[in-house]
1. Looking at the stretch A:18-53, which of the residues that are over 24 Å from B:F91 (Cα atoms) and in contact with an Asp or Glu (Cβ under 8 Å, 6 or more places away or on another chain) is surrounded by the fewest Cβ atoms within 10 Å (Cβ to Cβ)?
2. From the residues in the stretch A:37-82 that are charged (D, E, K, R) and closer than 21 Å to A:P97 by Cβ, which one is nearest to the other protein chains (Cβ to nearest Cβ)?
3. Please name all residue pairs, on different chains or six or more residues apart, with Cβ atoms under 6 Å, provided the first residue is in the stretch A:16-31 and is closer than 30 Å to A:L98 by Cα and touching a residue at least 24 places away in the same chain (Cβ under 8 Å) and the second residue is exposed (fewer than 13 other Cβ atoms within 10 Å of the Cβ) and among the small types (G, A, S).
4. Checking A:L34 against (1) more than 13 Å from the chain's Cα centre (by Cα); (2) more than 8 Å from chain B (Cβ to nearest Cβ), which single condition isn't satisfied?
5. Return the residues of the stretch A:66-116 that are in a loop (DSSP other than H, G, I, E, B), closer than 21 Å to A:M11 by Cβ and out of contact with any Gly (no Cβ under 9 Å at 6 or more places or on another chain); say none if nothing qualifies.
6. For A:T20, all conditions in the list (1) among the polar types (S, T, N, Q); (2) more than 22 Å from B:Y104 (Cα to Cα); (3) out of contact with any Lys or Arg (no Cβ under 9 Å at 6 or more places or on another chain) hold save one; what is the number of the exception?
7. Step by step: first the residues of the stretch B:85-103, then only those that are away from chain A (no Cβ under 12 Å) and over 16 Å from B:Q37 (Cβ atoms), then the one that is modelled with the lowest pLDDT. Which residue is that?
8. Hey, A:V13 hits all of (1) in a strand (DSSP E or B); (2) within 14 Å of chain B (Cβ to nearest Cβ); (3) more than 17 Å from A:C92 (Cα to Cα) but one; which does it fall short on?
Amino acid sequence: AQTVTQSQPEMSVQEAETVTLSCTYDTSESDYYLFWYKQPPSRQMILVIRQEAYKQQNATENRFSVNFQKAAKSFSLKISDSQLGDAAMYFCASLIPLSGTYKYIFGTGTRLKVLA
Amino acid sequence: NAGVMQNPRHLVRRRGQEARLRCSPMKGHSHVYWYRQLPEEGLKFMVYLQKENIIDESGMPKERFSAEFPKEGPSILRIQQVVRGDSAAYFCASSPRTGTNYGYTFGSGTRLTVV
């Protein structure tokens, strides 16, 4: 089965602090990619970070970084120096080949609150 | 360079009516994907289309739902005889070619409310 699990429905972090959002996935594919998306109240899906499964090096984008543990099928997102604008729903997703194309499998999301 | 455009942004329909959701992909993109987000859930794949062709509709409900992407004009997701359970946000994504693993560009979604 192709699944993505986010076990934290909601997280809170103090402004300027660091927070880690958890994600585990399950796939039988060897060719797959992992993503974190941010969804603010505007509903726009904003790409935060992307990781290629064949790369061992963890992806980083400014204040955002991932801890990719391939054997454990874990893909957590770390947000450093949290800002009020980081408050949003965060979705973990795998992009896997299915039926001749690539499809996303999304987790159920983690709502991040940033406290001033 | 406009992104993926979806309209309307909000759509209210009474039970039994038809809903038509439109998606204009990014310029130069010929592949369109529709996803549905139920309340408090992640996005779930519905259908993948290229111009004039449905490539994969494995996520589409068997009845009342249809999608098209004509040679000219936007992609349309059509829901006939809507029911309360169809209330959701419907997202469209596009890509320039199949198999791109860089991720797709999403529109802002259409929130359908069935009353």
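1. Going through the qualifying residues, I end up with A:T18.
2. Looking only at the stretch A:37-82, we keep the residues that are charged (D, E, K, R), and these are A:38, A:43, A:50, A:52, A:55, A:61, A:63, A:70, A:73, A:78, A:81.
Keeping just the survivors that are closer than 21 Å to A:P97 by Cβ gives A:50, A:52, A:55, A:70, A:73.
On the way: A:R50: 6, A:E52: 8, A:K55: 12, A:K70: 16, A:K73: 17 Å.
So the residue we want is A:R50.
3. From the stretch A:16-31, the pairs are A:S22/A:S7.
4. (1)
5. The initial filter retains those residues of the stretch A:66-116 that are in a loop (DSSP other than H, G, I, E, B), namely A:70-73, A:80-83, A:87, A:99-100, A:107-109, A:116.
Subsequent filtering for residues that are closer than 21 Å to A:M11 by Cβ retains A:72-73, A:80-83, A:87, A:107-109, A:116.
Listed by number, the residues that qualify are A:A72, A:K73, A:S80, A:D81, A:S82, A:Q83, A:A87, A:A116.
6. Among (1) among the polar types (S, T, N, Q); (2) more than 22 Å from B:Y104 (Cα to Cα); (3) out of contact with any Lys or Arg (no Cβ under 9 Å at 6 or more places or on another chain), A:T20 violates only (3).
7. Taking the stretch B:85-103 first, the residues away from chain A (no Cβ under 12 Å) are B:85-87, B:94, B:96.
Add one more test, that the residue is over 16 Å from B:Q37 (Cβ atoms), and what stays is B:94, B:96.
On the way: B:S94: 90, B:P96: 80.
In this case the residue turns out to be B:P96.
8. (2)
The values are calculated or read from the model by the stated rules, or taken from the named source; none is laboratory data. These numbers were taken from a predicted model, which means no experiment stands behind them. For neighbour counting, all protein chains shown are included, and Cβ atoms are generated from backbone atoms with ideal geometry for every residue, glycine included.
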